[in-house]
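K.L.:
Dropping the structure in here first, questions after.
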Amino acid sequence: MTLEEYFALPDSPSKHSPVGELMARIIKQNPSVPFEQARAEANRLRLGRKTTRLLSPEQREKERNRLGALRRTSNAAISRCR
């Protein structure tokens, strides 16, 4: 069975999910790893990672403004040090 066929199974993760992408990388590095072992390893590795936050348009704008203000502040501080 190929990786594409595995991802087509109903109980497998999506090919483009974080676990699916990690699985593909694990199998690419070591092709002899069984799919379920690669999936377990991907889940284990994923536990230490943050998940993507889904923000509303208002939250995205607020976050964009907050980061922009931080960037401007840090750029101003760097300019003063030169």
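K.L.:
Looking at region 1-57, which of the residues that are touching a helix residue (DSSP H, G or I) at 6+ places or on another chain (Cβ under 7 Å), of a type in the set (Ser, Thr, Tyr) and not in a helix (DSSP H, G or I) is modelled with the highest pLDDT? Can you show your working first?
P.N.:
Within region 1-57, the subset touching a helix residue (DSSP H, G or I) at 6+ places or on another chain (Cβ under 7 Å) is 3, 6-7, 12-15, 18-20, 22-24, 26-27, 33, 35, 38-39, 41-43, 45-46, 55.
From the residues that got through so far, the ones that are of a type in the set (Ser, Thr, Tyr) too are 6, 12, 14.
Now narrow it down to the ones that are not in a helix (DSSP H, G or I): 12, 14.
Working: SER12: 89, SER14: 86.
Among residues in region 1-57 that are touching a helix residue (DSSP H, G or I) at 6+ places or on another chain (Cβ under 7 Å), of a type in the set (Ser, Thr, Tyr) and not in a helix (DSSP H, G or I), the one modelled with the highest pLDDT is SER12.
K.L.:
Let me ask another. Which members of region 10-28 meet the condition of being more than 17 Å from the chain's Cα centre (by Cα) and buried (at least 18 other Cβ atoms within 10 Å of the Cβ)?
P.N.:
Matches in region 10-28: SER12, ILE27.
K.L.:
May I pose another question? In region 27-48, what residues are aliphatic (A, V, I, L, M) and over 16 Å from MET1 (Cβ atoms)?
P.N.:
If the condition is that a residue be aliphatic (A, V, I, L, M) and over 16 Å from MET1 (Cβ atoms), then ALA40, ALA42, LEU45, LEU47 are the ones that fit.
K.L.:
Let me ask another. Given the structure, is ARG60 farther than 17 Å from THR2 by Cα, over 22 Å from the mean Cα position of the chain (by Cα) and free of Cβ contacts under 8 Å to residues at least 40 places away in the same chain?
P.N.:
When the stated conditions are applied, ARG60 does not pass them.
The values are calculated or read from the model by the stated rules, or taken from the named source; none is laboratory data. Note that the structure is a prediction, hence the values are computed from the model and not measured. Every residue, glycine among them, receives a Cβ derived from its backbone with ideal geometry; neighbour counts consider all protein chains shown.
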